[in-house]
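Notes for the one structure printed next.
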Amino acid sequence: MSAYILRQCRKITTPIFFGYIAIGIPFGVMIVQAGYPWWMSLFMSLVMYSGAGQYVAAGLLGAGAGVLEIVLTEFFVNIRHIVYGLSLIDKSKGSGLWKLPIIYTLTDETYAVLTSTDVPPGVPAGPFMGWIGLLDFIYWTLGCVLGALACSFLATYGLSDYLNGVDFALTSLFLIILTSQIKASADILPLLVGILSCLVSVVLCRASFLSPSNIIFVAIILGIDALLLARGRHFASGGLRQLSVFALFILSSLALVLLLILMSLSGGGAGQGVSSGNSGMAVAVIASFISGAVIFCERLFPFALFSRKDPPPVVQFVARHIPSMVIAILIVYSLRSMDLLSFPFGIPQLAGIAVTILLNFAPGNYMLTIFGATAVFIVLTRLL
């Protein structure tokens, strides 16, 4: 029976194999180009296992971010996983110990497979769902390690510069995720809030009011406040106590943003947008380990608390509005160095975005979309 289950799961996850190899290789390259050894790619894949989360962590580590900034950003980046758990509670009932690997490996793509595939007749749900998650985990880790080893090998011969621009795969990945979220909800307000809040953070950074490592964190805070004011005012309609909590959260979060601005100003121009180097090995290891624990808790949260009851309104609000807002923030953040006022006027980035959207709406193949968009970006960057 176990051999049969494994064969079936291997067939089902074949498209994920090609997609994860395509997305994992650029992540491995990014880690090595940020100044870390190849095995850091393996370590982050094992303890974090989050495609978008690992990409974000790589960018923040390269910008010199601290442990707290990275962990908090990872919390909001992966908060969408709460939604996944809520919709898999019934399907995974009776899985026993297999529920742990199901929860740990619950990524975007694995969730899509699990929700669109029926358990074969006579096959236990636990091993079937668990092996789908574990195979996807192996595919992703393999892609990340291959990319890191390839970049390390090329670096020894001075050829790693030919891989410059492969990090555009990050932007392409975020666009794919955002497109699928918009298709599912048809709600563009979180998207607009995310774009505007990140633009505000980038402007603050370029004006030397904010450290580059705090751009995402501040954008998320501003975005949550804006969404609460626009869509969450009903939380404050339940009496003086709820109103006080609502107002306290808004004011304290804005006070935190002000504190970060004051810290950047007192740091002697820390907001100039130039990083003094990566975050160091100790910070990278600690931040990856803690972020992995946070991500697992987010995936575990709905299974642990809502197996027998519906989630409260605040959890439903977060699950509905925050994910697409955060992904929109990450897209703007990944394009923060684009200059529309001087040559080449952002043409490589804009062309890569256009290719991503067109290919994602047409064939809908992750590998083709990310490879195609990244290739266009790299070629135009070399030519222009």
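The values are calculated or read from the model by the stated rules, or taken from the named source; none is laboratory data. Note that the structure is predicted; figures quoted are calculated from it, not measured. Here the Cβ positions follow ideal geometry from the backbone for every residue, glycine too, while neighbour counts run over all protein chains shown. Note: areas computed on protein heavy atoms with side chains; ligands, DNA, RNA excluded. Shrake-Rupley method; radii C 1.70, N 1.55, O 1.52, S 1.80 Å.
Taking SER92 as the residue in question, decide whether it is open to solvent by less than 10 Å² (accessible area, probe 1.4 Å), modelled with pLDDT under 85 and of a type in the set (S, T, N, Q).
yes
If you check THR156, THR110 for being surrounded by 19 or more Cβ atoms within 10 Å (Cβ to Cβ) and of a type outside the set (A, V, I, L, M), only one passes: THR110. If you go through the stretch 155-168 and pick out every residue that is in a helix (DSSP H, G or I) and modelled with pLDDT under 75, you end up with 4.
Among the hydroxyl-bearing types (Ser, Thr, Tyr) and over 23 Å from ILE286 (Cα atoms), is that true of THR141? No: the conditions fail for THR141. GLY64 fulfils the conditions (1) outside any loop (DSSP other than H, G, I, E, B); (2) of a type outside the set (A, V, I, L, M, F, W, C); (3) in contact with a Ser or Thr (Cβ under 6 Å, 6 or more places away or on another chain) except for a single criterion, (1). Taken as a whole, the structure leaves PRO127 outside the set of residues that are under 19 Å from the mean Cα position of the chain (by Cα) and part of a helix (DSSP H, G or I). Could you grab me the full set of residues in the stretch 37-61 that are open to solvent by 10 Å² or more (accessible area, probe 1.4 Å), farther than 17 Å from ALA328 by Cα and part of a helix (DSSP H, G or I)? Hits for the stretch 37-61 are TRP39, LEU42, PHE43, LEU46, VAL47.
Taken over the stretch 277-308, the criterion of being in contact (Cβ under 8 Å) with a residue 40 or more places away in the chain and more than 24 Å from ALA34 (Cα to Cα) is satisfied by PHE296, GLU298, ARG299, LEU300, PHE301, PRO302, PHE303, PHE306, SER307. Has the stretch 340-360 got any residue that is modelled with pLDDT under 85 and either closer than 22 Å to MET44 by Cα or open to solvent by less than 40 Å² (accessible area, probe 1.4 Å) (or both)? Yes: one or more hits. Flag: SER185 matches the condition of being within 21 Å of the chain's Cα centre (by Cα), modelled with pLDDT under 90 and open to solvent by 50 Å² or more (accessible area, probe 1.4 Å). Annotation: ILE138 fulfils all but one of (1) closer than 25 Å to ALA3 by Cβ; (2) open to solvent by 30 Å² or more (accessible area, probe 1.4 Å); (3) in contact with a Leu (Cβ under 9 Å, 6 or more places away or on another chain); (4) not basic (Lys, Arg); the unmet one is (3). Taking the listed residues SER264, SER213, SER197, SER244, the one that is crowded, with 17+ Cβ neighbours inside 10 Å, at pLDDT below 85 and farther than 27 Å from ILE378 by Cα is SER264, with no other qualifying. Residues considered: GLY147, GLY122. Of these, the only one that is out of contact with any strand residue (DSSP E or B) (no Cβ under 8 Å at 6 or more places or on another chain), modelled with pLDDT of 75 or more and within 30 Å of TRP39 (Cβ to Cβ) is GLY147.
Residues in the stretch 278-292 include at least one that is surrounded by 14 or more Cβ atoms within 10 Å (Cβ to Cβ), at pLDDT 90 or above and of a type in the set (Ser, Thr, Tyr). Within the stretch 306-339, can you find the residues that are modelled with pLDDT under 80 and open to solvent by 30 Å² or more (accessible area, probe 1.4 Å)? Residues satisfying the conditions are SER307, ARG308, LYS309, ASP310, PRO312, PRO313, VAL314, GLN316, VAL318, ARG320. A Cβ distance below 8 Å, combined with a sequence gap of six or more or placement on separate chains, defines the contacts here; from the stretch 60-80, residues that are under 19 Å from GLN33 (Cα atoms) reach residues that are among the acidic types (Asp, Glu) in the pairs LEU60/GLU69.
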